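Working notes, beginning with the structure itself.
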Amino acid sequence: MIHVCRKEHFNAAHKLYNPAWTKEQNDAVFGPCANENWHGHNFELVVTVKGKPNPDTGFVIDLKVLSKLIKEKIIDKVDHKNLNLDVDFMQGKLASCENLVMEFWKILEPEIAACSQAQLHCITLYETPKNYVEYFGEK
């Protein structure tokens, strides 16, 4: 099994805030990330697919195709946006990296399967150079 990765970048603002809690509870749990005036990140997104190389191309997936999918289905929707307010698939969800990466999976998994023999293996989302999440689906 070969794993192929594509890295993309986007910038976005968000805040971590549970509307069912008091301001004090939000501040205690989320600290400065609950800032009522938002905060931003330079996110790094790594999408990993797996499969066997196609005997005709030697590719697990054409990286131009994967890049285009990620850009059209994810990056164009989140780059320079407020994740809490501007992104349709995040409406009604806490804008944590964990929730964000699960939504990315829901969008990309069927798209990748429809255009190749590859399977989505993992999505890694870096919020900072030291903080990131990895998601492998619900298998």
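The values are calculated or read from the model by the stated rules, or taken from the named source; none is laboratory data. Computed from a predicted structure; not experimentally measured. In this analysis, Cβ positions are derived from the backbone assuming ideal geometry, glycine residues included, and neighbour counts consider all displayed protein chains.
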Discussion item. Need the failing condition index for Cys115 against (1) at pLDDT 95 or above; (2) farther than 19 Å from Ala13 by Cα; (3) not acidic (Asp, Glu), just the number.
Written reply: (1)
Worksheet entry | Residue in segment 52-73 that is surrounded by fewer than 17 Cβ atoms within 10 Å (Cβ to Cβ) and within 10 Å of the chain's Cα centre (by Cα) present | no
Practice prompt. Mind listing whichever residues of segment 89-108 are without any contact (Cβ under 8 Å) to a residue 40 or more places away in the chain and farther than 12 Å from Ile74 by Cβ?
Written response: Gln91, Gly92, Lys93, Cys97, Glu98, Asn99, Met102
Discussion item. So, Val65, is that one β-branched (Val, Ile, Thr), in contact with a helix residue (DSSP H, G or I) (Cβ under 7 Å, 6 or more places away or on another chain) and in contact (Cβ under 8 Å) with a residue 12 or more places away in the chain or not?
Written reply: yes
Item to complete: Report whether or not Thr128 is in contact with an Asp or Glu (Cβ under 7 Å, 6 or more places away or on another chain) and either touching a residue at least 60 places away in the same chain (Cβ under 8 Å) or under 22 Å from Thr57 (Cβ atoms) (or both).
Response: no
Item to complete: Filter segment 26-51 down to the residues that are of a type in the set (S, T, N, Q) and touching a residue at least 24 places away in the same chain (Cβ under 8 Å), then identify the one that is surrounded by the fewest Cβ atoms within 10 Å (Cβ to Cβ).
Response: Asn42
Practice prompt. Considering each of Asn84, Asn99 in turn, give the residue that is polar (S, T, N, Q) and touching a His at 6+ places or on another chain (Cβ under 8 Å).
Written response: Asn84
Worksheet item: So which of Asp56, Asp86 ends up being of a type in the set (D, E, K, R), in a loop (DSSP other than H, G, I, E, B), without any contact (Cβ under 8 Å) to a residue 40 or more places away in the chain and closer than 17 Å to His39 by Cβ?
Response: Asp86
Item to complete: Identify, from the list Val65, Val46, the residue that is assigned to a helix (DSSP H, G or I) and in contact with a Cys (Cβ under 7 Å, 6 or more places away or on another chain).
Response: Val65
Fill in: Only one of Asn82, Asn35 that is over 18 Å from Glu111 (Cβ atoms), polar (S, T, N, Q) and at pLDDT below 95
Asn35
Practice prompt. Return a yes/no flag: does segment 118-134 have any residue that is assigned to a helix (DSSP H, G or I) and either within 14 Å of Phe10 (Cβ to Cβ) or in contact with a helix residue (DSSP H, G or I) (Cβ under 6 Å, 6 or more places away or on another chain) (or both).
Written response: no
Fill in: Test: Lys73 is within 19 Å of Glu8 (Cβ to Cβ), in a helix (DSSP H, G or I), touching a helix residue (DSSP H, G or I) at 6+ places or on another chain (Cβ under 9 Å) and modelled with pLDDT of 95 or more
yes
